[in-house]
1. Calculate the length of the line joining the C-alpha centroid of the stretch 415-488 to that of the stretch 491-569, in whole Å.
2. Report Rg (one decimal) and Dmax (nearest whole number) for the chain, counting Cα atoms only, units Å.
3. Let me know the charge dipole size of the chain about its Cα centre in debye, to the nearest 20, where only the beta-carbon of Lys, Arg (+1) and Asp, Glu (-1) is charged.
4. Would you be so kind as to identify which of 379, 559, 7 lies farthest towards the positive end of the dipole of the chain, taking Lys and Arg as +1 and Asp and Glu as -1 on Cβ and the Cα centre as origin?
5. Highest mean first, what order results for 359-372, 424-437 on Cβ atoms within 10 Å?
6. Quick one: which of 403-411, 94-102 comes out on top by average Cβ neighbours within 10 Å, and what's the full order, highest first?
7. In degrees between 0 and 90, to the nearest 10, how far off the longest principal axis of the chain does helix 65-79 point, with axes built from Cα atoms?
8. For residue 312, give me every one of the lysines with a C-alpha distance below 21 angstrom, ignoring sequence neighbours fewer than eight places off in its own chain.
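Read-outs throughout are calculated quantities, based only on the coordinates presented, and are distinct from any laboratory measurement. If you're wondering where the values come from, they're calculated on a predicted model, not measured in any experiment. Every residue, glycine among them, receives a Cβ derived from its backbone with ideal geometry; neighbour counts consider all protein chains shown.
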Amino acid sequence: MKITTITNLEFGKMVQAASQKLNQRAEFINSLNVFPVPDGDTGTNMSLSMASGAKYEREETSTAVGDLASALAKGLLMGARGNSGVILSQIFRGFSKNVAGKDTLDANDLAEAFAAGAQTAYKAVMKPTEGTILTVIREAAGAGKKAAKTTDDIGVVMDKVVTAAEAALKSTPDLLPVLKQVGVVDSGGQGLTFVLEAFNDSLNGRVDETQDYVPDDAEMDSMIDAAHHQSVQGKLDPNDIKYGYCTEIMVRIGDGKLVDHQFDYQTFYDYLAKLGDSLLVINDDEIVKVHVHTEHPGDVMTWGQRFGALIKVKVDNMRLQQETIMEHDQEETAQATPVAPAEPAQPKIDMHGYAVISVSSGDGIATLFKGLGVTNIIAGGQTMNPSTADIVDAVNASGAEKALVLPNNKNIFLAAEQAAEVADIPVEIVHTKTISQGLTAMLAFNPEADPAANQAEMEDTLDTVISGQVTHAVRDTTIDGLEIKKDDYMGLVDGKIVITDPDRATATLDMVKAMLDEDSELVTIIYGADATKADADALAAKVQDLDSELEIEIHEGDQPVYPFLISVE
């Protein structure tokens, strides 16, 4: 069937299908990460980023595609995690700006929007690298523009877009040698290809597990909670609730004695939209799920029966619920007892209006950072990159006048930079790639200097420390001639795997040997959740045997994934 227009209905299904497909394929995408470390999380990051975008798109009440695209872009921006998630958000940022003000999209609109997305994504990366997600979107967009010159069939254009994306993805190992060395395609490019494939399957009505997004009960509950949040607030007078009955039905399409309508989404939706607000209508070929706030729940049920059999019905009186909530709040207030005054706080270092925010995992590492002047810790890092919104929230909740952010992981750089753009106060990013760099950078922090001066001074110290990380391999591979076996321990020095050994103690000591030189003075050992103080002491003794003049410090970090984080200065 020829498709010449994308309305709000088609666009919404495309977005939800893409979100679902990324969720289903996240572990596969994770498996494509070049390094066989247990924190390969490209798929997780892209899935969570797209889920945030899909949520914003679902909650947008406008029927103009331009507005829905803007909501998608905003959700992706705030939910973006990792560099792959941020680049995905930039693609749809460019896409949304290009379709701003449009009620629907034609083939040329779609092609131009993808091209704008590619352009925006390239601009967002300081040093664009070919053989990545950027290559995939550029090639896909180019094919879309070329196709739109010869046809107005959006389905045909999307076919060309996907074909080009798949070809570009297949070529990534030829453009990025490390991919060919390991034998994988680019993980971010694979994630984007899945998004485009889901768009295509949704538009062309192909049978696919991503077509016609149907949330499970938990997802539907989440969507309903969001709708309630928009319409019913904690202190709202029950008499001010316009539509008092929260009504949910589930209909088995085409079944039942009262059926006199063939199911058509738009017809079904439009009637319900006249009955109330907070409307959610989700369907596949067999089932349609409805949530609506209305004064006429019976009319909702009757309408559903004209299309099929009711297999679930739930009606709640929201005015009564609100009265109960308010009575409960009043009782809690009445029963509350005065809290004794807190002991006077100990004098703190004058931060001169600064918040210094560090991303890390592990209570011990958090303690180390706070001891050096960090004011706020965002939990995350190696196994879970925080989103743009997580960083923005930490900055805005700090109550400070200005802030510095230490990502301590290069995969958090872009999300941190996006957060700096939208935060309420001036923010500078200190581009720390490791925990060790973050701790070293804090030694140069001067609360009396302005943020830009602090950033420059702190980044100047990063070259003075060598960072080592020990973890285990999650698969067999070969990198830079180094044969790595699954479950062996690896030593990474400044992000490069230099040592592998079945024995953790041997791998760790050999890594330290690779880090030392004649100028080395201080070795800091931070042991994680999977190591003990005794393990760290044994390692320290062996390092001391290598050079009796070395100063060695040991700290408990409690970090996951990496039994040892080691720095040499």
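1. Rounded to whole Å, the Cα centres lie 18 Å apart.
2. 27.4, 89
3. On the way: 44 positive and 89 negative charges, 411 e Å.
About 1980 debye.
4. After comparing all options, I get 7.
5. 424-437, 359-372
6. Working: 403-411: 25.3, 94-102: 19.0.
In decreasing order of mean packing, 403-411, 94-102 become 403-411, 94-102.
7. It works out to around 30 degrees.
8. Residue 312 reaches 257, 289.
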